[in-house]
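Just below is one structure, and these are the notes that go with it.
None of the figures in this text is laboratory data; all of them are computed from the coordinates on show. Not measured: the values here are computed from a predicted model. As a convention, Cβ positions derive from the backbone with ideal geometry for all residues, glycine included, and neighbour counts pool all protein chains shown.
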Amino acid sequence: GAVVSQHPSRVICKSGTSVKIECRSLDFQATTMFWYRQFPKKSLMLMATSNEGSKATYEQGVEKDKFLINHASLTLSTLTVTSAHPEDSSFYICSASRASRGTNEKLFFGSGTQLSVL
Amino acid sequence: AQTVTQSQPEMSVQEAETVTLSCTYDTSESDYYLFWYKQPPSRQMILVIRQEAYKQQNATENRFSVNFQKAAKSFSLKISDSQLGDAAMYFCAMDSNYQLIWGAGTKLIIKP
């Protein structure tokens, strides 16, 4: 089956620093990738939709200047948390769509990144 | 508004028994997909089963099956012969108009 690799799995950083999270589709080209945030014991919250070669579409309430998304190739999307603060501590998950229309019918998830900001 | 509702925050079942997780949804679309995802303690999101709304036949994947009632907008998941490895959070989700809407999740506990 299709594999999506997310790295790092866990990161601890100091307040004010920036952290980059990578999401790679290993055996398919993903026109569309999604970034989610998950709070403890809660469901996934969509942060943004990333389309290769174009600007990401952010959900309401998500600061685009704080959460920078780059989808430079069909196999790689990155999420950079800039000037991280303790309230940014969370579990971040990426997913990649294998469907040509970019829909969710063939969606594969990364293993997630636990970000802890001290 | 498009919504997905899981009314059971937690369910428990004896090993080898059968359990049903409930999910209801609301959408004005006629064509959509419904999913059940499993998130074990590792937190890796795993697709359990997928149902296309225009297909009347209920989807089945080994011990997992759904009861899809389109008119009632209900999409329950039945797990037969429950195993310890089934313990996880289960999320119901709907893809409607290219947006994935998630339920709040149900924590499934397997009693040995």
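Just a few scattered comments:
- Fully extending the segment from B:A1 to B:Q56, taken as 0.36 nm per residue of separation minus the present Cα-Cα distance, adds 17.4 nm.
- Contact order relative to length of chain B, as percent, for alpha carbon pairs under 8 angstrom and 6 or more apart: 38
- Two numbers describe the Cα atoms of segment B:1-63: Rg and Dmax, which are 13.7, 39 Å.
- B:S28/A:K42 FRET efficiency (R0 30 Å; Cβ-Cβ; nearest 0.05): 0.70
- Kirkwood-based shape ratio for chain A, expressed as Rg/Rh from alpha carbons: 0.95
- One equal scatterer on each Cα of the protein assembly as shown, no solvent, Debye formula: the resulting log10 I(q)/I(0) at q = 0.09, 0.14, 0.15, 0.18 Å⁻¹ is -0.38, -0.90, -1.02, -1.35.
- Packing-based ranking of B:43-50, B:100-107, B:14-21 yields B:100-107, B:43-50, B:14-21, ordered from highest to lowest mean Cβ neighbour count within 10 Å.
- Packing order of peptides A:54-60, B:3-9, highest average first: B:3-9, A:54-60 (average count of other Cβ atoms within 10 Å over each peptide's residues).
- In chain A, Cα pairs under 8 Å separated by at least six residues give a relative contact order of 36 percent.
- The spacing between segment B:71-108 and segment A:50-96, judged by their C-alpha centroids, is 26 Å.
- Distance-filtered residues of segment A:24-41 - backbone nitrogen under 17 Å, label point 7 angstrom along A:S111 Cα→Cβ: A:24-27
- Chain B: antiparallel DSSP beta bridges as a percent of all, rounded to 5: 90
- DSSP beta bridges in the protein assembly as shown [antiparallel fraction, %, rounded to 5]: 90
- Amide H contacts of A:K64 (H built 1.01 Å from N, under 5 Å, at least 5 apart or other chain): none
- Entries of B:K70/B:K107; A:K42/B:K73; B:K78/B:K111 with Cα pairs more than 19 Å apart: B:K70/B:K107; A:K42/B:K73
- Each label was represented as a point 7 Å from its Cα along the Cα-to-Cβ direction; for A:Q29 and B:K78 these points are 4.3 nm apart.
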